[in-house]
Amino acid sequence: MLSVVIETNNHEAELAYTLSALVVGAVEGLVSDVIVLDHGADDGTERVAEAAGCRYLRAWDLPEVMRSARGDWILVLEPGARPLSGWVEAIFEHTALETRPARFSRSRRHRRTLWQVLFRRQGPLEVGVLLSRQLAVEKAEAGGKSSIVLARRQITRKLSCEIIPAWASVRV
């Protein structure tokens, strides 16, 4: 089982895109819960999260959130990121055979422009990160209040499926 963690702040539309991509994982029995960590958004983020059945938190302690996750594996995504077809099978396979963290492959259709490569740093969660709950708890306890600490300094395996990065999402 998999828990998905999405940290957001005024990303109502982007959160809806990501949650819609996760539906297939819930139907297939992979996604057990989705946890939305909100930094005090003043848009409809809370309504979107609650309508989708997510656990919505405005104040949180990251190690406690990781310990309370239902899944044995944690998938951390940016709001707006959308795994493409085949992601459920790729995660099933990875979690059955591996113990180390993984990331999605970059979408071939959504490559960064030269301008973005030169002048915009790639975020640590741009291609998501999948890690065991045990490792997530250890990394969260080591320091940090943001889910970004879960993605930093990771040697990861690349999953065979692609992800549309959050920066490619349509901004409303």
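Side notes on the structure shown:
Results for (1) of a type in the set (Lys, Arg); (2) modelled with pLDDT of 75 or more; (3) surrounded by 14 or more Cβ atoms within 10 Å (Cβ to Cβ), shown as yes or no for each residue.
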{"site": "Leu97", "(1), (2), (3)": "no, yes, no"}
{"site": "Phe104", "(1), (2), (3)": "no, yes, yes"}
{"site": "Ser107", "(1), (2), (3)": "no, yes, yes"}
{"site": "Leu114", "(1), (2), (3)": "no, no, no"}
{"site": "Val117", "(1), (2), (3)": "no, no, no"}
{"site": "Leu125", "(1), (2), (3)": "no, yes, yes"}
{"site": "Ser132", "(1), (2), (3)": "no, yes, yes"}
{"site": "Gly144", "(1), (2), (3)": "no, no, yes"}
{"site": "Ser147", "(1), (2), (3)": "no, yes, yes"}
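- For segment 48-65, a residue qualifies if it is more than 15 Å from the chain's Cα centre (by Cα) and in a strand (DSSP E or B), and exactly one does: Leu57.
- Top-ranked residue in segment 135-152 [being outside any loop (DSSP other than H, G, I, E, B) and not small (Gly, Ala, Ser); ranked as nearest to Val65 (Cα to Cα)]: Val137
- Cβ pairs under 7 Å, 6+ apart, first in segment 156-167 and within 13 Å of Pro124 (Cβ to Cβ), second part of a strand (DSSP E or B) and not small (Gly, Ala, Ser): Thr156/Arg103; Thr156/Val129
- Scanning segment 66-107 for residues that are of a type outside the set (Lys, Arg), assigned to a strand (DSSP E or B) and in contact with a helix residue (DSSP H, G or I) (Cβ under 8 Å, 6 or more places away or on another chain), we see that the one that is nearest to Val23 (Cα to Cα) is Pro83.
- Here segment 158-172 is the region considered, the condition is being within 16 Å of Leu77 (Cα to Cα) and either assigned to a loop (DSSP other than H, G, I, E, B) or in contact with a His (Cβ under 7 Å, 6 or more places away or on another chain) (or both), and the residue that is modelled with the highest pLDDT is Leu159.
- Cβ-Cβ under 7 Å pairs, at least 6 apart or on other chains, segment 61-75 side more than 22 Å from Ala96 (Cα to Cα), far side assigned to a helix (DSSP H, G or I) and of a type in the set (D, E, K, R): Pro63/Glu141
- Single residue of segment 69-82 satisfying the filter (more than 12 Å from the chain's Cα centre (by Cα) and buried (at least 16 other Cβ atoms within 10 Å of the Cβ)) that is nearest to Val149 (Cα to Cα): Ala69
The values are calculated or read from the model by the stated rules, or taken from the named source; none is laboratory data. These numbers were taken from a predicted model, which means no experiment stands behind them. Here Cβ is always computed from backbone atoms with ideal geometry, including for glycine, and neighbour counts include all displayed protein chains.
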